[in-house]
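In what follows, a structure is listed as structure tokens, so that the remarks can point back to it.
The values are calculated or read from the model by the stated rules, or taken from the named source; none is laboratory data. For clarity, every value in this text was computed on a predicted model and none was experimentally measured. Every residue, glycine among them, receives a Cβ derived from its backbone with ideal geometry; neighbour counts consider all protein chains shown. These accessible areas exclude ligands, DNA and RNA; they are computed on the full protein's heavy atoms, side chains included. Shrake-Rupley method; radii C 1.70, N 1.55, O 1.52, S 1.80 Å.
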Amino acid sequence: MAGGCSIRAIWILNNLDAVVFSRRFSVVEKRWRAALNSESDELFTSIPNDSELADAFVDRKQREGSARGFGVRRTHQSSPGSDSWIDDPITRHIISLYITKEEHKNLLWPLILHTRGLFTILVLPFVEPSHIKAYATLSKKPDCGTALALDHGLSSLLLQLPSITGAFMIAHAIGDIITGDVVEPEVIVSSAPSVGGLFDSLTGSIGISSRPKPVAQSVTSSAPLGAAVPGSATPDGQKFGSRPLDKDALRTFISSSMPFGTPLDLNYSNIFNIKANGFSASDLPPADQKQPAWKPYLYKGKQRVLFTIHETVHAALYDRDEIPDIISISGQMNCRADLEGLPDVSLPLAGVNTANLKVSSYHPCAQVSDQGLDKQGVMFSPPLGNFVLMRYQATSALGPPVSGFYQLSMVSEDKGAFLFKLRLMEGYKSPLTMEFCTVIMPFPRRRIVSLDGTPSAGTVSTSDHSVEWKIVPSGRGLTGRSIEVTFPGTVKFAPWQNQRVPSSRSIGATADEDSDHEAENAGNMVNEEHLMEKMNKDLPPVDLEEPFCWQAYNYAKASFKIVGASLSGIAVDPKSVSIYPAVKAPVEFSTQVTSGEYILWNTLGKCPHVATVKM
């Protein structure tokens, strides 16, 4: 990160759009002025003061409709030079501002926008003037949208700027500090608990050095900025979004993690420990070794290495010939290496080709090399405590853990008949275990009066706006076999007239069209399409934060947890892990797979999907 990212300035604004904290890096700004050379282009601007920045931010909110903006070009609202004119949703996260100076409007870009609680964080990374000129050209092009084969679009421009990634990391780290949400990645211990109990097995009793201080940091105690410990009482002043801004903590973090504007280590736990405990003669590393920035203290105590793979499965299941199902996996490998000294850990990462990795990234401490057809060699000098060794996007080496279809047909305005036919863990073998599986049918715009139906397995419960089907309850895992379950039934809603949401805009059929349809449907013949149109008639306008407009469609959502192995095929063999210099340290590997947005769309209804491009 150090070689590819430098930060010119950081601003934090409150919910009143006033700047409450700012930091400028003069060293980086001198580099910016040097990059300009003798150019006197009015397009460029130096770092604005806080009031100029706030005025420009307010002006953009008025022009773009909100802090994030439209993200897409809108007729009669978007204008050339604005972010939305580019017609790319990424402009809701990477924005530009026009700073007014001496009757000229100068462009400030790229600004990373990140919102946490009541605060908006803006980070301005260093980019070359030529990149800003390229963006200014894109923001004034007459054509709309970004063609798939376009080589000079916004995506192509951003791929040339590694500082964008670093700026996003900084914005998220600052957001965590503001809200007190500073928690280490979870590492699971698969072995039996020690004498100290399961809590000690999960978090570890870490002596960071041989002296009494610094105190060991556990997962639940790694929120030094007043973040609440799970299960403890939280004062009203400390609740999310309302806690006061700790400027001293921010100054300490920024000055320590990115001296002179160059990010080095964004781990707040390390920085907090250094500030709280300092160093002593016993903290000096061996004379012949260089201590990395991510390990300010040397570990002393019982040695062990833990690896945990966390995967999240996202799916959109349609059960339609014309629309393919979509399944994706996002995962990360968390690690904890309680090792004395400054050793190197190396391991062969198996299942790389099987997982069909689309995107992967590693912690700065790691070096990666290919080892054979389906393995990658990873060597790293581990930081202190829990850390994310690797993040990746992959496809499933197995089929979907939950497959099948969901059908809902409205037999009247206030009654719907539904049918589930699902297969769980089809093709999955031991040691893969599904610990629980639940399917929810949400009806956010209808109030459920009654439910009639009995599933072939599991239990059913209802609330005012949803039906919950617990297929595999917690404590009754499904291991080494697959099951097929069905759930036919009918659901009755409260009369629709009392459910309508007032809206200034109407989506669907007009009143005249409704009358025509009612005449055609005389004789107790139900036109299902007419019923669905009528139900969706008063839907509010689509919010960009909810681009698929969930309430306009019928769907079911599955949630589950699987342990025993990863679905991507990524794995670590504990026997293949080597440590240099050699030490006796047990190595453990565990996995955990959970559902993300796992959606089963109504086969008989409307559904959003991505159109495929025919080449």
Within region 304-316, is there a residue that is farther than 30 Å from ASN267 by Cα and either not hydrophobic (A, V, I, L, M, F, W, C) or not in a loop (DSSP other than H, G, I, E, B) (or both)? yes
Selection over region 1-17 where residues are open to solvent by 40 Å² or more (accessible area, probe 1.4 Å) and either free of Cβ contacts under 8 Å to residues at least 40 places away in the same chain or not hydrophobic (A, V, I, L, M, F, W, C) (or both) yields a count of 3
Check region 20-35 and report whether any residue there is modelled with pLDDT of 90 or more, over 22 Å from ALA167 (Cα atoms) and either open to solvent by less than 50 Å² (accessible area, probe 1.4 Å) or of a type in the set (A, V, I, L, M, F, W, C) (or both). no
Check VAL378, VAL411 and return the single one that is assigned to a strand (DSSP E or B), β-branched (Val, Ile, Thr) and free of Cβ contacts under 8 Å to residues at least 60 places away in the same chain. VAL378
Just give me the residues in region 354-376 being within 27 Å of the chain's Cα centre (by Cα) and among the small types (Gly, Ala, Ser), in sequence order. ALA355, SER360, SER361, ALA366
When you look at LEU342, is it of a type in the set (A, V, I, L, M, F, W, C) and touching a Leu at 6+ places or on another chain (Cβ under 8 Å), yes or no? yes
Within region 109-135, can you find the residues that are open to solvent by less than 10 Å² (accessible area, probe 1.4 Å), in a strand (DSSP E or B) and either without any contact (Cβ under 8 Å) to a residue 12 or more places away in the chain or farther than 17 Å from CYS5 by Cα (or both)? ILE121
Of everything in region 441-473, what is under 26 Å from the mean Cα position of the chain (by Cα) and open to solvent by 60 Å² or more (accessible area, probe 1.4 Å)? Give them in sequence order. PRO444
Among the candidates ILE99, ILE95, ILE86, ILE90, residue that is open to solvent by less than 30 Å² (accessible area, probe 1.4 Å), aliphatic (A, V, I, L, M) and touching a residue at least 60 places away in the same chain (Cβ under 8 Å): ILE86
